[in-house]
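Trainee: Take a look at the following structure, please.
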Amino acid sequence: MSKWFSKHDAMEAGALTDTFMRLKRGSITRRHFLGVTGLGLAAAVLARQPGFSSAAHASDDLGSSMSIATWPNYHDPATFEAFTAATGVAVEVNIFGSNEEMLEALRADSARWDLFVPTNYTISTYARLGLIEPLDLSRLPNFDAGTQNARFTSQGTAEGKVFALPKNWGTTGIAYNTDKVKVTSWKEFFAAAMDEADGRAIVHDYQLTAIGNALVSLGFSFNSVKPEELAKAEKLLLEVKPHLYTVTSDYQPPMRGTDAWMTMCWTSDGAQLNRDVPEIAFTLGSDGGEIWSDFYAIPKNAPNKPAGYALLNFLMDPQNAVREHIANGTPATDSRVVALLPAEITGNRIVYPDEAALTPLEFGAAVTLTDPARAEIMARFKAA
């Protein structure tokens, strides 16, 4: 083998590349690919593909499938297809509408995910409850802490240990159809929902933002757990409930179809909606609201941790991450990724708002995830 390879080095490299592209197109199986190339040569080819690190996988049996829990409209399907082509591991995507749902599934031990996407304020709780473990960074060579913006990434670390790696950051604002209504604050949002947008407004099925934005509209902190302030927020939510189109965290379809005219909206959805339906604008509440960062974490009970690490390492590669950001419209935490993004994205004020627009916003506080009063208010609001 070594004699043949040295004699036909150029041809061998070309043949391997051609065979690998046939694998990616699906015209041959991974088994056939490994058989005709040899395991060592296959590893060498895969190691040169974007996001694939042989060091991270050399001793791992990745199996044939894995699962990720994430948010609606949050990934480019081609990312997972590329990972499958590179590793042979199929990716099952589970969609959730709130961090509370994720926490409930993990605590009940009903979750069977190998990777999931929690928001910044939840990570310390997951760590304290033993639902996630510190990450083995030696298995994630594509991650570079030095290129990350600490403003958005610090909450992935607890007690000096890294439990989660950053996916992206963003904001929670208001998407509205400019042909139908105009709002610039959360106070205006709730007023319009009971007036000119009666029957056409959507509130998140997610207590952090549903209650948080109601609090902000009343002049209180997004993270308040004060009983008297929560009582006023509940009163507002119960007043608005009969006027809503629906309560959901998957609001793009009704906004695109004009069944709904305005909605609580995350950055990525705001960018996607505005890109495809220009009359749908996105604004941050002038009275406040949420700034957030999402992370990748591996559950303690993950059934296929090697694949979880492999996909996480793949996603940390800037060449793969940049495609995700272009597809989903969220701002990057990694300067390597920002440098690769086209100007139309980095210059988009939905995706990268100016500092003045960010100043009134608050990061979610850990206490809001498990506060019983907020959970009870949300239950009553949904049941009303």
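Trainee: Give me a comma-separated list of calculated 3J(HN,Hα) values for segment 335-348, in order, Karplus coefficients 6.51, -1.76, 1.60 applied at θ = phi - 60°, integers in Hz, x for any Gly or Pro.
Mentor: 4, 5, 6, 4, 5, 8, 6, x, 4, 5, 8, 5, x, 7
Trainee: Step through the residues of segment 364-374 one at a time and calculate ³J(HN,Hα) from phi using the Karplus curve (6.51 cos²θ - 1.76 cosθ + 1.60, θ = phi - 60°), rounding each to whole Hz and writing x for Gly and Pro.
Mentor: Values per residue, Gly and Pro as x: x, 9, 4, 4, 5, 5, 10, 5, x, 5, 5 Hz.
Trainee: Considering only protein heavy atoms, with the full assembly of protein chains and a 1.4 angstrom probe, order SER185, SER64 by accessible area, largest first.
Mentor: SER64, SER185
Trainee: Now a separate question. Give the accessible area for THR209 in Å² (nearest 10); use a 1.4 Å probe, count only protein heavy atoms, and leave out ligands, DNA and RNA.
Mentor: The value for THR209 is about 0 Å².
Trainee: How big is the Cα convex hull of segment 61-173 in projection, averaged over all directions, in nm²?
Mentor: Over every viewing direction, the Cα hull of segment 61-173 projects on average to 8.2 nm².
Trainee: Turning to a different aspect of this structure: Can you work out the accessible area per residue across segment 254-372, with the rest of the protein chains kept in place, probe 1.4 Å, in square angstrom?
Mentor: It amounts to 33 Å² per residue over segment 254-372.
Trainee: Report, by chain and number, residues whose modeled amide H sits under 5 Å from the one on TRP71, excluding near sequence neighbours (fewer than 5 apart, same chain).
Mentor: Counting only residues 5 or more places away or on other chains, the set is PHE96.
Trainee: Once you list every other residue whose beta carbon is under 14 Å from the beta carbon of GLU234, what net charge do they have if Lys and Arg are +1 and Asp and Glu are -1?
Mentor: Within the 14 Å Cβ shell, the charges total +2.
Trainee: A further question on this structure: Kindly state, to the nearest 0.05, the FRET efficiency for ASP179 paired with ARG151, given R0 = 41 Å and r defined as their beta-carbon distance.
Mentor: Efficiency at R0 = 41 Å is approximately 0.70.
Trainee: Net charge within 12 Å of LEU273 by Cβ-Cβ distance, Lys/Arg positive one each and Asp/Glu negative one each, not counting LEU273 itself?
Mentor: With Lys, Arg at +1 and Asp, Glu at -1, the net is -1.
Trainee: Related question: Compute the convex hull volume of the Cα atoms of segment 300-364, divide it by the residue count, and report the result per residue in Å³ as a whole number.
Mentor: About 118 Å³ per residue, rounded to a whole number.
The values are calculated or read from the model by the stated rules, or taken from the named source; none is laboratory data. No experiment lies behind these values; they were computed from the predicted model shown. Cβ atoms come from the backbone with ideal geometry, glycine included; neighbour counts cover every protein chain shown. Heads up: the accessible areas ignore ligands, DNA and RNA and are worked out on the full protein's heavy atoms, side chains in. Shrake-Rupley method; radii C 1.70, N 1.55, O 1.52, S 1.80 Å.
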